[in-house]
Amino acid sequence: MNRIVSLIASSTEIVCALGFEDQLVGRSHECDYPHSVERLPVCTQPKFATDGTSGEIDQRVKAILKEALSVYRVDADLLRRLRPTHIITQTQCEVCAVSLSEVEEAVCEWTELKPAIVSLQPNALADVWADIRRVADALDASDRGRQLTLELQSRMARIAEKAQAVKVRPRVACIEWIEPLMAAGNWMPELIEMAGGVNLFGEAGKHSPWMTWEHLQGADPDVILILPCGFDIKRTRKELPTLTQKPGWSDLKAVRGQRVYLMDGNQYFNRPGPRLAESLEILGEVLHPKIFQFGHEGVGWEKVESKSKGFTGR
């Protein structure tokens, strides 16, 4: 029987989708889906306070990274007591989750057991499929991995095929951090294109790039999607005035056309795992509501509507 510790929210979802939830013995502080995994011991913690605005969080993270390689710590003693046969971590982003180097440091002195360390690196959509198969292979379930990836790819291909038939493809700005502004990269440009949009910022397979308010104004997108990394809709809504109070916000085409949307980045778009299929469904609903209706409104996304006293989520 495997004893799996998953230190990334997306890999926890992968393990469960492969049918190994009963073999999970530990998780990260961010692993919360499926909700049943919240019973598991928590093996990581951030080194900074996670409350506050996006600008405050950005300052805290940058301050820590001046002195350390990662903004998270691993509970090495707990990890050892759990006696894992497999530890799943990542090398994609030092800010997003516990890094491979931290896990290796935590287990380097273990002599009584040597867990297999599975490190994921999802830079683009193809890497997500490769990571699912990598986890499956490590758990001696290669067939399950192939089947799961084929099911997800088929589900998403049907959406993409339908979206390709649209005559008008809106120009989309996808905001992954609010203060300072950051556009979405990695797999997000691919998802936007698959959903029938034209991605304006960020490149597929590359890290999310910083951008300026002038860049956003100059592009004047048809649609603005706001999905800060690690934020749910409620928290993003609270942060919205940072954008709506910018000079020229009300003049943007997306704002005038009431095509600004808040998205649950934490649960969907920021997690490179099985629920990227739901993320594509959400994008389809938002970009082409007359074609796609999956029922995600109010959970995965909400529209920002102009009001006499400002802007608010619906």
Quote the accessible area belonging to residue 261 in square angstrom, nearest 10, computed with a 1.4 Å probe and with ligands, DNA and RNA left uncounted.
20 Å²
A convex hull over the alpha carbons of segment 205-261 yields, per residue, a volume in Å³ of 101 Å³
Pick from 18, 78, 181: which is most flexible by mean-square fluctuation in a GNM of the chain where alpha carbon atoms under 10 Å apart are linked?
78
For the residue pair residue 101 and residue 49, what label-to-label distance in nm results when each label sits 7 Å from Cα along the Cα-to-beta-carbon direction?
2.8 nm
Output the 0 to 90 degree angle, nearest 10, between the alpha-carbon long axis of helix 276-287 and the longest principal axis computed from the alpha carbons of the chain.
0 degrees
Holding the Cα-Cα limit at 21 Å, pick out from 167/206; 206/303; 206/238; 246/303; 162/290 the pairs that are longer than that.
167/206; 206/303; 206/238
Identified option (computed percent of Cα pairs over 37 Å apart; candidates (i) 12; (ii) 30; (iii) 17):
(iii)
What's the Kirkwood radius of segment 115-215 in Å, using all Cα pairs?
15.3 Å
Considering only protein heavy atoms and a probe of 1.4 Å, how much of the accessible area of segment 161-249 is carbon and sulfur, as a whole percent?
53 percent
Would you calculate a helix-derived [θ] at 222 nm for the chain, using -39,500 (n - 2.57) for each DSSP H run of n ≥ 4 and dividing by the full residue count, to the nearest 500?
-10500 deg cm²/dmol
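Looking at segment 167-295, what % of the alpha carbon pairs are farther apart than 25 Å?
Working: 1293 of 8256 pairs.
The proportion of pairs with Cα distances above 25 Å equals 16 percent.
Could you compute the net charge surrounding residue 181? Neighbours are other residues with a C-beta less than 14 Å from the C-beta of residue 181; K and R count +1, D and E count -1.
Details: positive: 246; negative: 58, 176, 179, 214, 239.
Net of charged neighbours comes to -4.
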Over segment 229-272, consider all pairs of different Cα atoms and compute the Kirkwood hydrodynamic radius from their mean reciprocal separation; express it in Å, one decimal.
11.5 Å
At what distance in nm do the modelled label points of residue 206 and residue 36 sit from each other, each positioned 7 Å from its Cα along Cα→Cβ?
4.2 nm
Rounded to the nearest 10 Å², the accessible area of residue 117 using a 1.4 Å probe with every protein chain kept is 60 Å²
Degrees separating the helix 142-163 axis from the principal Cα axis of the chain, which is the longest one
0 degrees
Between rounded, prolate and oblate, where does segment 114-154 land on the alpha carbon gyration tensor, with a ≥ b ≥ c its root eigenvalues, rounded for a/c under 1.5, else prolate if a/b exceeds b/c?
oblate
Can you give the accessible area per residue of the chain, in Å², using a 1.4 Å probe?
45 Å²
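Could you give the length gained by full extension between residue 116 and residue 238, i.e. 0.36 nm per residue of separation minus their alpha carbon distance, to one decimal place? Intermediate values should be presented prior to the final figure.
On the way: separation 122, 0.36 × 122 = 43.92 nm, distance 4.16 nm.
Stretched out fully, the residue 116 to residue 238 stretch lengthens by 39.8 nm.
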Nothing charged except the Cβ atoms of Lys and Arg (+1) and of Asp and Glu (-1): what's the magnitude of the dipole of the chain about its Cα centre? Round to the nearest 20 debye.
820 debye
Note down the net charge around residue 288, summing +1 for each Lys or Arg and -1 for each Asp or Glu among other residues with Cβ under 15 Å from its Cβ.
+2
Using only the alpha-carbon atoms, what does segment 176-222 span along each of its principal axes? Please give whole angstrom values in decreasing order.
27, 23, 13
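The values are calculated or read from the model by the stated rules, or taken from the named source; none is laboratory data. All values derive from a computational prediction rather than experimental measurement. Every residue, glycine as well, gets a Cβ built from its backbone with ideal geometry; the counts of neighbours run over all protein chains shown. SASA here: full protein model, heavy atoms, side chains in, ligands and nucleic acids out. Shrake-Rupley method; radii C 1.70, N 1.55, O 1.52, S 1.80 Å.
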